[in-house]
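Taking it in order: structure first as structure tokens, then the write-up.
The values are calculated or read from the model by the stated rules, or taken from the named source; none is laboratory data. Because the structure is a prediction, the values reported are computed rather than measured. We place every Cβ from the backbone using ideal geometry, glycine too, and count neighbours over all the protein chains shown. Just so you know, the surface numbers come from the protein's heavy atoms only, side chains and all, with ligands and any DNA or RNA stripped out. Shrake-Rupley method; radii C 1.70, N 1.55, O 1.52, S 1.80 Å.
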Amino acid sequence: MALLETHGLTAFYGDFQALFGVDIALNEGETIAVIGANGAGKSTLLRSISGLIRNVPAHIRFDARDIGALTAPDVLQLGIAMVPEGRRLFPSLSVEENLLIGKYGRVGNGAWSLDTIYDLFPVLKDRRHHPGTALSGGQQQMVAIGRGLMSNPRVLLCDELSLGLAPVVVRDIYAAFPKIRATGASIVIIEQDIGQALKVSDRVYCMMEGRVTLTGTPETLSREDIHAAYFGAH
Ligand code: ATP
């Protein structure tokens, strides 16, 4: 059985329906990527899983338990942490203080502490007393990932890590992922950068207009199929 699953997941913003019966599955230790154009519903999928959107009965199972009615703090307590789009650091707090905020969702002991996060992203150790605003976009993204890891999550949900970052910075950030995976974490990555998504994931889901239009492994999906599932035409 998958560690995390959605079945026929729907989501609304007021009268506007953003998801139309989305099924995804994440196995223990696996990394999946969800790709799709702007507005496809990728962020809404993550917000639904993490309990930030609760407007219809949600069909979401985690570790053999129905979590579709839980609030965001309860979902975090169970071990699902989110790295939100746009990083959302507290600008007046230091790097270290921002990281420590992630500890509040902590369930027990695990791989992650300030020390192991500084090992993962050494530049953050040098800048640990700097305010969030003094960091580059890439460094802010590292803090956001570190903050998510501080709760020792079983599942890490990452929303558009590469947004607005230079390719070389994106590469540095994704270089950390093998180490994160080695701790046993299962990971969902939302990406608009298809090449990056294929590189980092075991399986890929493509979404368009609130539906999953294609799923497969990076090895088996052809560029043409991805293009069709992403844009709706060959
Ligand atoms: P993006 O890359 O732009 O974040 P996405 O695939 O993550 O795209 P979502 O953000 O999930 O897409 O948006 C799905 C649909 O829901 C879009 O049509 C979007 O306009 C709409 N939507 C998203 N957030 C809201 C909101 N807070 N209120 C109303 N509509 C929203």
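A helix-only calculation puts the chain at -8500 deg cm²/dmol for mean residue ellipticity at 222 nm, using -39500 (n - 2.57) for each DSSP H run of at least four residues, averaged over all residues. Here LYS42 is the anchor, and the aspartates and glutamates within straight C-alpha reach of less than 19 Å, apart from those fewer than 8 places off in the same chain, are GLU5, ASP15, ASP23, GLU30, GLU85, ASP159, GLU160, GLU191, ASP193, ASP202, GLU209, ASP225. Extension gain, ALA228 to THR116: 0.36 nm times the residue separation minus the Cα-Cα distance gives 36.2 nm.
Maximal additional length on extending the ALA37-VAL168 stretch stands at 44.9 nm, based on 0.36 nm per residue less the C-alpha distance. Based on Cα contacts under 8 Å between residues 6+ apart, region 2-231 shows a relative contact order of 28 percent. Normalised per residue, the accessible area of region 2-231 is 44 Å², obtained with a 1.4 Å probe and no contribution from ligands, DNA or RNA. With the convex hull drawn over the C-alpha atoms of region 26-137, the volume per residue is 145 Å³. Simple spin-label estimate for ARG65 and LYS125 gives 3.6 nm between the two label positions (7 Å along the Cα-to-Cβ direction from each Cα).
Here's the list of aspartates and glutamates a cross-link from LYS103 could span, going by alpha-carbon distance under 14 Å and ignoring same-chain residues fewer than 8 apart: ASP115. A dipole drawn for the chain from +1 and -1 charges on Cβ atoms has a positive end, and of ASN55, ILE32, THR133 the residue lying farthest that way is THR133. Multiplying the residue separation of PHE20 and VAL107 by 0.36 nm and subtracting their alpha-carbon distance yields 28.1 nm. In this label model, THR133 and ASP74 are separated by 3.8 nm, measuring between points 7 Å along each Cα→Cβ vector.
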